[in-house]
Amino acid sequence: MDSLFEDCLRDAVGDDAASVVCKALSCPASVSVRLNPFKWSAEERDAGTRFDCIVRQVPWSPYGLLLDGRPNFTLDPFWHAGAYYVQDSSAMFVGEIFRRCLQQLPAGEDGNIVRVLDLCAAPGGKTTDLAASLRERYGYGFVLVANEVIRSRAGVLADNTALWGDPNVVVTNADPSAFASLAGFFDIIVADVPCSGEGMFRKDPEAVRQWSRENVSLCQARQRRIVADVWPALKEGGVLVYSTCTFNRYENDDNVKWICENLGAESRGPGLSDFCGDAYGCGWKVMSASFGCSLLPGLVPGEGQYCAAVTKTSRAAMPSSGRASRTRNRVSGPAEWFNVPVSFRSSGTTVVAEPSVIADDVQLVSSSVRMIRSGCAAGEVKGRTVVPSADLALNYMLREDAFPAAELDLMTALAFLHRDTIVLADMQKGFVMVGYCGLPLGFVKNLGSRCNSLHPGSRRIRMDIDK
């Protein structure tokens with residue numbers, strides 16, 4: 001291990017904790033998942049029946065599970081159905097801080113929409129965690145903008161959020177500075193900023209090779225630029241949740257101090273102290289930092305995370321209008337497929353459905369930054385027919401009785417996900433929703449003697465499903 005890294009680590013967390021971390025970095029990484037609470041019954045969640053290798057629940061995540069070993073997630077239809085997300089247990093701590101911040105917001109009465117920005121969102125772990133917490137508290141009364149500046153990673157983010165199934169997530173592909181036009185729009189901004197990646201050392205040897213004190217300084221400057229650029233979009237009194245997966249103080253406490261002193265904010269660090277120490281009574285120690293909390297390998301099972309929160313004290317003007325000046329392509333669509341009122345728009349030949357309650361907010365966002373996904377892709381227009389989209393089967397808005405449904409066994413479900421031909425001889429012809437253990441997986445067009453798969457080629461299982 002680089003001696004300069006060890007010096008930075010000791011400077012940030014002290015000699016004793018640094019020694020524990022350095023020892024832990026030579027051990028295998030842990031594996032954890034976070035359940036999608038809207039795709040499991042309460043009984044299934046409590047029993048953890050899907051996994052036979054559960055060690056324990058992650059104490060700071062109501063749906064996080066630490067596993068003993070790594071199952072083959074590719075061959076699990078539950079993963080393809082968006083029933084859980086594979087996420088480091090330390091990273092789930094950002095969701096814990098976020099839920100604490102939500103408690104300070106009004107409960108969404110009088111039609112007020114709660115607006116949240118996940119600024120550096122790919123690949124989607126934190127986005128799906130935030131979405132679950134928002135839905136549990138506000139139902140459909142929120143909009144969560146998940147942004148990623150790198151286009152290829154934004155595509156991954158869009159796909160992962162589509163699997164998760166929450167229609168109130170809007171995926172954008174923009175530089176943080178683009179959000180300045182949405183002055184005072186967001187109640188909470190979560191910035192899990194790009195960092196020097198000290199928390200990736202166990203999983204990615206390249207992160208170790210790329211580490212240098214110079215790179216830490218470059219990351220610190222970039223992180224400050226990112227937060228400063230997006231700062232106008234946070235309302236006065238709104239909260240910034242700042243996090244990294246690194247350990248040094250330069251990218252963590254020093255940056256939060258800089259935000260408070262230069263952008264106009266008040267640290268919420270003292271209000272997070274009850275999370276620290278062995279606050280969860282399980283032997284996992286969360287360290288208290290000057291402005292936030294540090295999770296370190298060896299003290300907790302995960303790869304490490306720093307998280308802090310600040311309240312904006314500087315003024316921010318609200319947008320001049322609650323509606324965008326640009327008219328979007330509103331169209332009619334199959335409203336009978338949905339369990340809530342929806343608004344339809346066209347995107348090429350695709351009909352997109354959005355919860356009506358957030359349609360104006362989505363329009364305002366799309367007029368300011370590049371939007372690549374919102375609501376749910378309902379289907380593709382082919383002549384006079386709308387062919388249901390794979391995303392529709394996974395989305396919370398789909399009415400349970402909108403389509404005939406076929407329950408598949410494990411091997412047939414894997415064959416469907418592999419895009420092999422399956423036969424549903426006992427089902428009526430036409431569009432059929434197929435599922436596994438009660439969870440929708442997608443659609444086929446049943447021809448009687450065989451089915452045409454509507455599963456996207458980009459999502460198909462590529463490995464041998466018979467192994």
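Counting only strands (runs of 3 or more DSSP E) that sit wholly inside region 1-96, those with at least 3 residues that are within 30 Å of Asp409 (Cα to Cα) and within 16 Å of the chain's Cα centre (by Cα) are 31-35, 84-86. Only residues that are of a type in the set (Gly, Ala, Ser) and crowded, with 23+ Cβ neighbours inside 10 Å were counted in region 329-379, giving 5. Within region 441-467, being over 26 Å from the mean Cα position of the chain (by Cα) and in a strand (DSSP E or B) holds for Val444, Lys445, Asn446, Cys451, Asn452, Ser453. If I ask for residues that are in contact with a strand residue (DSSP E or B) (Cβ under 6 Å, 6 or more places away or on another chain), assigned to a strand (DSSP E or B) and farther than 26 Å from Pro301 by Cα, which ones from region 237-269 would you list? Hits for region 237-269 are Gly238, Val239, Leu240, Ala265, Glu266, Ser267.
For Val145, state whether it is within 17 Å of Val156 (Cα to Cα) and in a strand (DSSP E or B). Here the answer is yes, as Val145 does meet what is asked. Within region 58-90, being within 20 Å of Gly298 (Cβ to Cβ), buried (at least 17 other Cβ atoms within 10 Å of the Cβ) and not hydrophobic (A, V, I, L, M, F, W, C) holds for Pro59, Ser61, Gly64, Gln87, Asp88, Ser89, Ser90. Looking across Arg373, Arg399, Arg330, one residue alone is closer than 25 Å to Phe179 by Cα, touching a strand residue (DSSP E or B) at 6+ places or on another chain (Cβ under 9 Å) and at pLDDT 95 or above. It is Arg373.
Taking strands (runs of 3 or more DSSP E) as the structural unit, those lying wholly within region 351-440 and holding at least 1 residues that are more than 25 Å from Asn36 (Cβ to Cβ) and of a type in the set (S, T, N, Q) correspond to 385-388. Of the residues contained in region 214-223, one or more are found to be touching a strand residue (DSSP E or B) at 6+ places or on another chain (Cβ under 9 Å) and crowded, with 16+ Cβ neighbours inside 10 Å.
One residue stands out among those in region 386-414 that are surrounded by fewer than 19 Cβ atoms within 10 Å (Cβ to Cβ) and farther than 22 Å from Trp337 by Cβ: the one that is nearest to the chain's Cα centre (by Cα), which is Leu410. Take the conditions (1) closer than 21 Å to His80 by Cβ; (2) among the aromatic types (Phe, Trp, Tyr); (3) over 17 Å from the mean Cα position of the chain (by Cα); Trp164 misses just one of them, which is (3). Residues that are at positive phi and out of contact with any helix residue (DSSP H, G or I) (no Cβ under 9 Å at 6 or more places or on another chain) within region 351-385 comprise just one, Gly383.
The values are calculated or read from the model by the stated rules, or taken from the named source; none is laboratory data. Just so it is clear, the model here is predicted, and its values are computed rather than measured. Because the Cβ atoms are built from the backbone with ideal geometry, glycine has one as well, and the counts that use them run over all protein chains shown.
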